[in-house]
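Only one structure is covered here, and it is reproduced in the block below.
Computed from the coordinates by the stated procedures, all read-outs in this text should not be read as laboratory data. The structure presented is a predicted model; accordingly, all values stated were derived computationally and were not measured. Quick reminder, even Gly has a Cβ in these numbers, built from the backbone with ideal geometry, and neighbours come from all protein chains shown.
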Amino acid sequence: MSIKENKALILRFYDLFKRKGVDAGYELFAPEYILHSPTGDMSREQVKQFDTMLVPAFPDAICTINDMVAEGDKVAFRVNARGTHTGPFMSIAPTGKKVEMNNTYIAKIVGNKLVEQWGTTEFPLLMQQLGVMPPMGQK
């Protein structure tokens with residue numbers, strides 16, 4: 001696939017996810033897909049399960065891709081996610097708080113499917129915004 005097609009695949013995932021839900025977006029992931037994150041590796045099904053929990057907790061979430069660069073079979077991109085915490089999330093009762101965080105990924109694409117990703121998230125920032133973790137440097 002060309003660099004342009006690889007970038008389009010990333011945009012298509014976020015579009016499908018937004019318009020048709022979690023299952024639709026994951027049609028673009030290879031069965032052997034793996035996400036490498038600071039907290040450990042996750043399979044396609046594990047990532048999908050996490051997103052299935054995340055969507056009802058932040059039903060108005062909007063993901064915006066701010067930057068995207070590609071070379072060969074890899075696409076690097078930065079995603080800004082914003083939403084309101086109106087459903088339970090990881091044993092945290094709905095707070096009604098508006099939250100925002102940025103995630104950065106490098107995706108490997110083979111045969112028009114996402115097969116591997118490396119990612120970082122501002123998960124501690126999300127927990128701070130929900131009020132379950134103090135800001136850095138505070139007790």
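Here ASP51 clears all of (1) in contact (Cβ under 8 Å) with a residue 40 or more places away in the chain; (2) among the charged types (D, E, K, R); (3) in a helix (DSSP H, G or I) except the condition numbered (1). Here THR86, THR121 are screened, and the one residue that is among the polar types (S, T, N, Q), free of Cβ contacts under 8 Å to residues at least 40 places away in the same chain and surrounded by 15 or more Cβ atoms within 10 Å (Cβ to Cβ) is THR86. Looking only at residues of the range 44-62 that are closer than 20 Å to LYS108 by Cβ and in contact with a strand residue (DSSP E or B) (Cβ under 6 Å, 6 or more places away or on another chain), we find that the one that is surrounded by the fewest Cβ atoms within 10 Å (Cβ to Cβ) is ARG44.
Scan the range 97-112 and give yes if some residue there is among the small types (Gly, Ala, Ser), within 18 Å of LYS7 (Cβ to Cβ), surrounded by fewer than 16 Cβ atoms within 10 Å (Cβ to Cβ) and out of contact with any helix residue (DSSP H, G or I) (no Cβ under 6 Å at 6 or more places or on another chain), otherwise no. Yes, the conditions are met somewhere in the range 97-112.
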